[in-house]
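Enquirer: This is the structure I have questions about; it appears just below.
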Amino acid sequence: MSESEARPTNFIRQIIDADLASGKHTSVHTRFPPEPNGYLHIGHAKSICLNFGIAQDYQGQCNLRFDDTNPEKEDIEYVESIKNDVNWLGFEWSGEICYSSNYFDKLYGFAIELINKGLAYIDELSPEQMREYRGTLTEPGKHSPYRDRSVEENLALFDKMKNGEVEEGKMCLRAKIDMASPFMVMRDPVIYRVRFATHHQTGDKWCIYPMYDFTHCISDALEGITHSICTLEFMDNRRLYDWVLDNITIDCQPRQYEFSRLNLEYTVMSKRKLNQLVTDNLVSGWDDPRMPTISGLRRRGFTSASIREFCKRIGVTKQDNTIEMGSLESCIRDDLNENAPRAMAVLDPVKVVIENFDGEAEILNVANHPNKPEMGTREVPFTRELYIEREDFREEANKKYKRLVLGKEVRLRGAYVIKAERIEKDEEGNITTIFCTYDNETLGQNPTDGRKVKGVIHWVSAEAGIPAEIRLYDRLFTVPNPGAADDFVSVINPESLTIKQGVVEPSLADAEAEKAFQFERMGYFCADSKESSKEKLVFNRTVGLRDTWAKIGD
């Protein structure tokens, strides 16, 4: 495949191609600028793949820059998690990690420059008054009574703010633009405010912090970013982005481009709502396998390759849309069907006794993948007592049922044909034991007398099998668009997590955390990275073998 065929195309790449062809730019420099106030989610993965992918494909650079201008909501834990997520997805940032806080001295200097040019002023309106003065989408705003202060007075008051002599909320620095602008973002936006909060990078050096819209464009320019790519909700902000750069003394002037953010069914992408799920203990943490966070998806067993493939399939456009959860699940199924070794696990065990099997365990060699002999085989002990799935046995069944039926035969995966002869039940009528016989001539071959055995079921040795907690995860919400609900918490799926006490084959005793396996006929699973241990195995279901949710939803 040629490089042009391998490289995806979209409107942003077409712009870059044109810029390079015209000589506007000789190289490409992008950035990924998360705010460290939470863990990254699948929507951020789309932006990561776009920005870092462009830098890779054009032999350019991509910075990882933390937009850390809001110390009250930020934490070094989030910084570390974001770094880990970017690396795990398969990307490396250019040079040292950048922080907007690296530029606080320069940002302060640019604010002074705007004041000196009569383009910024200290306002003392309360937040409520400021909202009232701002106007509406149909009515222009009103000038603040503090708007025409002298340059000298503004400089003196800004200095007081910087020196910690002003209470929070009593003063702020606003850009002087146009209170009658049809774009609300241009109606004298706040560019600095007072915050007495310790910053995770700068400590207590500052008690004034710049706003995102003022910081972002200047950070881009200072880093020599050529194409500043963000989501559509920042489209109007582009006017302020350009205004700031047009009115300060700076060499580089990047251009902002917007694309549609990722919306995914049956989940929420709002950091505020995700944070609420965590703080209200509605999930076990940011990396709960039901969460749409990158760390949650990873813990659940999603691979970085499957997430990159998902981002590639959905593409980059300017049109807002909502992606079906099945699209994401299809990517991980395609990956794991090809690459995950097979193993056997019984999630709801019922005992089988092979009455005509005598002696010690027989060690069977079972293929790790039906279509990939290069993945080798594993040893599976076959013993007199086994476990099978309770749902894989019926006392009576029609011909469509291809599993074990009383008086009939079925094949055990990788082993022998067995026949159910009789059963035992407890006082409540539940089957406790299925007594069977086996045909010891059927290992790897059909019965010699021409009997046809159509069904195949999985099993685990009762003697050698290892107890394991199996966590079956489902969609976190019961409706496709929980964010539209009056109370999104009210539509949490009460069955989003089901825990089974199962038994797994002994080869899984040392299962590596997050390494995927296909449990025969049950789905794709991985050992939990936080709670699984040799003393207690815990497996998370990544996804089922096929998409059954669509049928249920209908």
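Enquirer: Placing unit charges on C-beta atoms (Lys and Arg positive, Asp and Glu negative, everything else neutral), compute the dipole magnitude of the range 97-213 about its Cα centre in debye, rounded to 20.
Expert: Here the size comes out at about 180 debye.
Enquirer: R0 = 22 Å: FRET efficiency of Thr26 with Asp57, Cβ-based, nearest 0.05?
Expert: That pair, Thr26 with Asp57, gives E of 0.85.
Enquirer: Figure the gain on full extension for Asp251 and Glu427 (residue separation times 0.36 nm, minus the Cα-Cα span) and round it to one decimal in nm.
Expert: 54.9 nm
Enquirer: Using a basic spin-label model with each label point 7 Å from the Cα along Cα→Cβ, how many nm lie between Asp242 and Asp178?
Expert: Taking the simple label geometry, Asp242 and Asp178 are separated by 1.1 nm.
Enquirer: With labels modelled as points extended 7 Å from the Cα through the Cβ direction, what inter-label distance (nm, one decimal) is found for Ala197 paired with Lys73?
Expert: About 0.8 nm separates the two model spin labels.
Enquirer: Ok, one more. Given Phe66, Trp243, Ile97, which one lies farthest toward the positive end of the charge dipole of the chain, if we put +1 on the Cβ of every Lys and Arg and -1 on the Cβ of every Asp and Glu?
Expert: Working it through, the farthest residue towards the positive pole turns out to be Trp243.
Enquirer: What ³J(HN,Hα) values, in whole Hz, does the Karplus curve 6.51 cos²θ - 1.76 cosθ + 1.60 give for the range 483-491 when θ = phi - 60°, with x put for Gly and Pro?
Expert: Listing the rounded values in order: x, 8, 6, 4, 9, 4, 5, 5, 10 Hz.
Enquirer: Can you give the helix-only mean residue ellipticity at 222 nm for the chain, where every DSSP H stretch with n ≥ 4 adds -39500 (n - 2.57) and the sum goes over all residues, rounded to the nearest 500 deg cm²/dmol?
Expert: -8000 deg cm²/dmol
Enquirer: Pull out a ≥ b ≥ c, the square roots of the eigenvalues of the alpha-carbon gyration tensor of the range 3-261, then state rounded if a/c is under 1.5, prolate if not and a/b is larger than b/c, and oblate in the remaining case.
Expert: prolate
Enquirer: Taking θ as phi - 60°, what are the ³J(HN,Hα) couplings along the range 170-178 by the Karplus curve (6.51, -1.76, 1.60), each to the nearest whole Hz, with x for Gly and Pro?
Expert: Couplings: 8, 9, 8, 9, 10, 6, 9, 10, 7 Hz.
Enquirer: At a 4.7 angstrom Cβ threshold, list every cysteine in the chain that has nobody to pair with, or say none.
Expert: Here Cys62, Cys98, Cys172, Cys207, Cys217, Cys230, Cys252, Cys331, Cys436, Cys526 come out as lacking a disulfide-compatible partner, given the Cβ-Cβ threshold of under 4.7 Å.
Enquirer: Spin-label point model (7 Å from Cα, Cβ direction): what's the Gln129 to Asn339 distance in nm?
Expert: Between Gln129 and Asn339, the label points sit 6.0 nm apart.
Enquirer: If the chain between Leu282 and Ala305 were fully stretched, how many nm would it gain, using 0.36 nm times the residue separation less the Cα-Cα distance?
Expert: 5.4 nm
Enquirer: Considering only DSSP states other than H, G, I, E and B, which trypsin sites (Lys or Arg not before Pro) in the range 367-417 qualify as loop sites with at most 11 other Cβ atoms within 10 Å?
Expert: Loop-located and lightly packed - Lys399, Lys400.
Enquirer: Placing unit charges on C-beta atoms (Lys and Arg positive, Asp and Glu negative, everything else neutral), compute the dipole magnitude of the chain about its Cα centre in debye, rounded to 20.
Expert: With only Lys, Arg, Asp and Glu charged at Cβ, the dipole is about 1160 debye.
Enquirer: Another question, then. Between the range 146-175 and the range 186-252, how far is it from one alpha carbon centroid to the other, in angstrom?
Expert: Going from one Cα centre to the other spans 18 Å.
Enquirer: Give the long-range amide H neighbours of Ser532: residues separated by 5 or more places, or on another chain, with amide H under 5 Å away, using H modelled in the peptide plane at 1.01 Å from N.
Expert: Counting only residues 5 or more places away or on other chains, the set is Val538.
Enquirer: Something else about it: Which FRET efficiency value, to the nearest 0.05, do you get for Val190 and Glu80 by plugging their Cβ-Cβ distance into 1/(1 + (r/R0)^6) with R0 = 35 Å?
Expert: 0.70
Enquirer: Moving to a separate point now. Taking θ as phi - 60°, what are the ³J(HN,Hα) couplings along the range 235-241 by the Karplus curve (6.51, -1.76, 1.60), each to the nearest whole Hz, with x for Gly and Pro?
Expert: Per residue, the Karplus-derived 3J(HN,Hα) values read 4, 5, 5, 4, 5, 6, 3 Hz.
Enquirer: Quick one: Cα centre-to-centre distance for the range 309-337 and the range 439-471, in angstrom?
Expert: When both Cα centres are located, 37 Å separates them.
Enquirer: Just to verify a number: FRET efficiency for Ile323 and Asn356, C-beta to C-beta distance, R0 = 45 Å, to 0.05?
Expert: About 0.25, to the nearest 0.05.
Values quoted throughout were computed directly from the atomic coordinates according to the rules given, and no laboratory measurement underlies them. This structure is a prediction, so every number in the text was calculated from the model and none was measured. Methodologically, a virtual Cβ is constructed for each residue, glycine included, from the backbone with ideal geometry; neighbour enumeration extends over all protein chains shown.
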